[in-house]
1. Provide, for q = 0.10 Å⁻¹, the log10 of I(q)/I(0) from a solvent-free Debye sum over equal Cα point scatterers in region 64-171.
2. Reachable aspartates and glutamates from residue 14, Cα under 16 Å, same-chain residues fewer than 8 places away excluded?
3. Can you list the lysines whose alpha carbon sits under 19 Å from that of residue 83, skipping same-chain ones fewer than 8 residues off?
4. Near residue 133, which lysines are there with a Cα under 22 Å away, not counting those fewer than 8 places off in the same chain?
5. Kirkwood hydrodynamic radius, computed over distinct alpha-carbon pairs, for the chain: how many Å, to one decimal?
6. By DSSP, what percent of the beta bridges with both residues in the chain are antiparallel, rounded to the nearest 5?
7. Arrange 170, 160 by Cβ neighbour counts within 10 Å, fewest through most, would you?
8. Over 16 Å, how big is the tail of the calculated P(r) for region 44-89, in percent of all Cα pairs?
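Where a number appears in this text, it was derived from the coordinates with a stated rule and is not lab data. Keep in mind that what you see is a predicted model, and the values were worked out from it rather than measured. Using ideal geometry, Cβ is built from the backbone for each residue, glycine included, and neighbour counts are taken over all protein chains shown.
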Amino acid sequence: MRVSRLLQRASIPKRYEHCTLESYEASFPGADRSLGGAHLMARRFADGYPATTAGRGLLLTGSIGVGKTHLAVGILQALIVEKSVHGLFCDYRELLKEIQHSYNPQVATTEMEILRPVFDAEVLVLDELGAAKPTDWVWDTVALVLNTRYNDKRTTIITTNYADLPPGGTGNGSNGVSRAVREETLGDRIGERMRSRLAEMCVVVEMRGEDFRRNVARARFG
Ligand SMILES: Nc1ncnc2c1ncn2[C@@H]1O[C@H](COP(=O)(O)OP(=O)(O)OP(=O)(O)O)[C@@H](O)[C@H]1O
Ligand SMILES: [Mg+2]
């Protein structure tokens, strides 16, 4: 399949089309060092895929606007352009909706065919894992998708706003000062079982820093 067709099929939202590994900046004034590390990991990942990645994906964590989706989409575009990978971008909340719609009340079963592209994509970007809390049976289907992909050695690249920590919140701040608001963790959002499964499936990449949209871009354009 031609690259333009593969890009089309990947369903990358318009607002992320500009996100490539080349357009990602890692050394603007005030940039956290973790961003350079994440960028390098992303480049290495795309270069090494599939031999050195061996079915393992990435779990990009960090606060709002640090560039998680940019890097995930950047890797996806690089893999499509450079390696003709069959990739797919999938927003977590959209996936939950799709799963809900896949339920056929007439026969009281889930039509898995609707979810076929998410199961089958060679590389899946799952954006904003944990952003919503689904009902039990919807969550079971999400777990089935992730487990099946893992068992089939298909690569999943995940972004999340939640810290990769067990349930129970982030507790105290790093310098021992209690946080005013207890922040939820990935463990709180998806359960400890899935979190430990993700640890097998993905290499965790922690991104720290300011909201690029608010601070960096604004400072630049006044
Ligand atoms: N290091 C960077 N270099 C260039 N553009 C960046 C960088 N970081 C973020 N951006 C841009 O800033 C915007 C926000 O980034 P992005 O959507 O990737 O953040 P995010 O971490 O996914 O945020 P959210 O938690 O809200 O999903 C995007 O338009 C992205 O292209
Ligand atoms: Mg994002």
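1. For the requested q values the scattering log ratios are -0.32.
2. 91, 94, 127
3. 153
4. Correct list for residue 133: 68, 97.
5. One decimal place: 18.3 Å for the Kirkwood radius.
6. For the chain, the DSSP antiparallel bridge percentage is about 15.
7. Numbers: 170 16, 160 23.
Result, fewest neighbours first: 170, 160.
8. Details: 407 of 1035 pairs.
Across region 44-89, Cα pairs with separations above 16 Å total 39 percent.
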